[in-house]
Amino acid sequence: MWGRSKTKPAVCGWQDLLTSVQARATMMDSPIHGDSHWRGVALAGMRICDAHPQCDRRVVLAFAMLHDSQRLDDDYDPEHGARAAEEVKRSRALKRVLSFEQIKKLEAACALHEKGKTTKDPTIGACWDADMANLWRVS
């Protein structure tokens, strides 16, 4: 339709999501929780998904973008996960790349990612493990 490839809308949806998250992020320039961290979480998450195909790559990628997007600072911020989960609920761009079920899973992953919990859900576990794989940057 309109002379575009079938993959173009999906790519545009992800680009729209990234643009939206970056515009609303509180600490994009942070060397600890900013863009470079998000990219590291995304890379680690994709590697985890490669090893565990039951994990939902789309949710893990969206988690990488959103999980720390609402931090107030780089120090102790125990509610930043809950704020990220609220951002997930508000995001119109997410609805173009994830299903309702995937959004609910992403919301849960964001809400609890800094609480030290465990999960039996492989996708949520992949999200949390990808974030933990990047702890080297702070210690």
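The values are calculated or read from the model by the stated rules, or taken from the named source; none is laboratory data. Model, not experiment: these values are computed from the prediction. Cβ: placed from backbone, ideal geometry, glycine included. Neighbour counts: every protein chain shown. Keep in mind that these areas ignore ligands, DNA and RNA; they rest on the heavy atoms of the full protein, side chains included. Shrake-Rupley method; radii C 1.70, N 1.55, O 1.52, S 1.80 Å.
Residue-wise test of (1) among the aromatic types (Phe, Trp, Tyr); (2) closer than 17 Å to LEU135 by Cα; (3) buried (at least 19 other Cβ atoms within 10 Å of the Cβ).
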position	(1), (2), (3)
HIS37	no, yes, yes
GLY45	no, yes, yes
VAL59	no, no, yes
PHE63	yes, yes, yes
HIS67	no, yes, yes
Q: Go through (1) modelled with pLDDT under 90; (2) under 12 Å from the mean Cα position of the chain (by Cα) one by one and return the number of the condition SER30 breaks.
A: (2)
Q.
Residue under question is ALA84, and the condition is that it be open to solvent by less than 10 Å² (accessible area, probe 1.4 Å), within 20 Å of GLY13 (Cβ to Cβ) and free of Cβ contacts under 8 Å to residues at least 40 places away in the same chain; does it hold?
A. yes
Q | Filter result (surrounded by fewer than 18 Cβ atoms within 10 Å (Cβ to Cβ) and not small (Gly, Ala, Ser)) within the stretch 113-128 | A | LYS115, LYS117, THR118, THR119, LYS120, ASP121, PRO122
Q: Kindly indicate the residue of the stretch 33-86 that is among the polar types (S, T, N, Q) and under 23 Å from GLU101 (Cα atoms) and also nearest to the chain's Cα centre (by Cα) among those meeting that condition.
A: SER69
Q. Given the conditions (1) in contact with a His (Cβ under 9 Å, 6 or more places away or on another chain); (2) free of Cβ contacts under 8 Å to residues at least 60 places away in the same chain; (3) surrounded by 14 or more Cβ atoms within 10 Å (Cβ to Cβ), which single one is not true for LYS105?
A. (1)
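Only one residue in ARG90, ARG96 is touching a residue at least 60 places away in the same chain (Cβ under 8 Å), surrounded by fewer than 16 Cβ atoms within 10 Å (Cβ to Cβ) and within 24 Å of THR19 (Cβ to Cβ). Which one?
Just one listed residue meets the conditions, ARG96.
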